[in-house]
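A short worksheet on the structure shown next.
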Amino acid sequence: MTDSPWCPEGTVLVGDAVVDLADPGKAPRRIPSTYADPVAWMMADAVAAALDACGADAPAELSEVAVIGISEHATRHTLRAVAAGVPAGRMSPMRFAAAGPGSLVGVVCAVFGFQGPTLMLPMPVADAAVVTRAMITDWLTGDAASAAHVVVVTHECAEDGRHRARCFVLGRRNTTRGSQLV
C-alpha cells in the first residue's frame, strides 16, 4: 500500500478506487426510492469500491468515519433541472433538497452509515488540497481526534465530458508499529 498525496503526516492510505463514467447517471442507485444528484450516486460507487479495496483494514466502526467531498461541478445536473422547472411554476421538493452541494456527502453518509464529521468543498480538487489535508490531520491526529478513518471522495469532469470520482480511505498511522493502523 502506498501513501497518497492526500495523506498528511501521521496518516496512512488504507484503500482507494476510481470510477470513470461518461454519464454519472449510469452509477447504481444504492438507496431505493430516493432522489439524489447523479454525481452523488457516482461518488457513493467510488466509496464502495475503495472500501472493498481496504480489505481487512476497512473501517469497522462506521460512527467513526468522517467524509470530505470535493467537486467543482457538484450538483450541476440537479440545479439545471430545478431551474428548468421554474418557468412552469413547479419545483420538485426532492430535487430542490438534492440541489445543495452538501447533499453529495449526505448521500454517501446515508448509504454507508457514516456518522463522523463531514465537509463538502464545492471547488476544484487541486484548490482543495490544503484545507482537506488540514481537516484530515485534525480529525485523525488532532488533540481531540474525532474520527478513526476519513473518506475523501472527489469528482472531476474531463474536457471530453467524462466524469471521474476518486475515493481515498485514510486511517491513523500507528507510531509504535511503523505503517500499521491504530
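The values are calculated or read from the model by the stated rules, or taken from the named source; none is laboratory data. Every value quoted in this text rests on a predicted model; they were computed, and no experiment measured them. So basically every Cβ, Gly included, is an ideal-geometry build from the backbone, and we count neighbours across all protein chains shown. Accessible surface areas use protein heavy atoms only, side chains included; no ligands, DNA or RNA. Shrake-Rupley method; radii C 1.70, N 1.55, O 1.52, S 1.80 Å.
Helix 103-112 and the longest principal axis of the C-alpha atoms of the chain enclose an angle of approximately 60°.
Counting only protein heavy atoms and a probe of 1.4 Å, the accessible surface of the stretch 31-182 is 55% carbon and sulfur. Using a 10 angstrom cutoff on alpha carbons, build the Gaussian network for the chain and name the most mobile of 104, 13, 62. The residue that fluctuates most here is 62.
Heavy-atom accessible surface of the stretch 1-139, averaged per residue, reaches 49 Å², computed with a 1.4 Å probe. The distance linking the stretch 141-165 with the stretch 16-56 is 13 Å (Cα centroid to Cα centroid, whole angstrom). Computed extension gain for residue 26 through residue 130, at 0.36 nm per residue and net of the alpha carbon distance, reaches 34.3 nm. Normalising by residue count, the stretch 18-100 has a Cα convex hull of 123 Å³ per residue. As a calculated quantity, the FRET efficiency between residue 115 and residue 94 at R0 = 22 Å, using C-beta atoms, amounts to about 0.40. Here are some values of Rg and Dmax of the Cα atoms in Å: (1) 16.7, 63; (2) 14.8, 44; (3) 16.6, 59. Which one was computed from this structure? The listed entry that was calculated here is (1).
In the chain, the DSSP beta bridges split such that about 65 percent are antiparallel, to the nearest 5.
Site-free segments of the chain were taken between GluC sites (Glu not before Pro) in DSSP loops having at most 16 other Cβ atoms within 10 Å, sites themselves excluded; the longest one is 62-158. Where is the GNM fluctuation largest for the chain (alpha-carbon springs, 10 angstrom cutoff): 45, 23, 37? Highest fluctuation among the options: 23.
A Förster radius of 41 Å combined with the Cβ-Cβ distance from residue 63 to residue 83 puts the calculated FRET efficiency at roughly 0.65.
Pairwise inverse Cα distances across the stretch 70-164, averaged and inverted, put the Kirkwood hydrodynamic radius at 15.1 Å. Between residue 33 and residue 158, the modelled label-to-label distance comes to 3.8 nm, taking each label 7 Å out from Cα in the direction of the beta carbon. In the chain, the DSSP-assigned H stretches of four residues or longer account for a calculated mean residue ellipticity at 222 nm of -9500 deg cm²/dmol, using -39500 (n - 2.57) per stretch and the full residue count as denominator.
Summary: within the chain, the longest segment free of trypsin sites (Lys or Arg not before Pro) located in DSSP loops with at most 11 other C-beta atoms within 10 Å is 1-89.
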